[in-house]
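J.: The structure's right below; bear with me while I get my questions together.
No value in this document is a laboratory result; all are computed from the given coordinates. In this text the structure is predicted, and so the values were computed from the model without any measurement. Glycine also receives a Cβ, built like all others from the backbone with ideal geometry; neighbour counts cover every protein chain displayed.
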Amino acid sequence: MRGDSQGFSLMELLVAMAVLGLAVLAVIRLGAANLVTAGRTETALLGDIVAENAIVEALGSPQPPALGRRVESVINGATRWQVQRLVERTGDPRIIRISVIVRDGDGEPAGSLTAFRGLR
């Protein structure tokens, strides 16, 4: 700004607008990254809930689940999930391991959980 005039020169105004534009672009990129992260977090949280539901079902049934692998599709939270349950023996013949892996609609891993169940 010159000493004998009042206001800003055109150059000063252009520089200020450029700096403001860069700041706005940075905030927009930050917001977009935040939305992506929130979406991933929601998918992981729902995937863990689906895995927990599958484990509770396996632990709560009167009979232990059959040994081997079972894949099924479930709908939870308006999303179709692929639930893979693997039941296998452990070193103790009285205990089985139940592992659940959940994948989202795109086939990406979204959650997993492992539990142990005693046999009668």
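J.: Go through VAL56, VAL50 for me and flag whichever is in contact with a strand residue (DSSP E or B) (Cβ under 7 Å, 6 or more places away or on another chain), closer than 15 Å to VAL100 by Cβ and among the β-branched types (Val, Ile, Thr).
T.: Result: VAL50 is the single residue among VAL56, VAL50 that is in contact with a strand residue (DSSP E or B) (Cβ under 7 Å, 6 or more places away or on another chain), closer than 15 Å to VAL100 by Cβ and among the β-branched types (Val, Ile, Thr).
J.: Taking strands (runs of 3 or more DSSP E) that do not extend beyond the range 52-110, which have at least 1 residues that are touching a residue at least 60 places away in the same chain (Cβ under 8 Å) and farther than 28 Å from ARG40 by Cα?
T.: Output list is empty.
J.: Looking at the range 11-32, can you tell me whether even one residue there is within 17 Å of the chain's Cα centre (by Cα) and not in a loop (DSSP other than H, G, I, E, B)?
T.: yes
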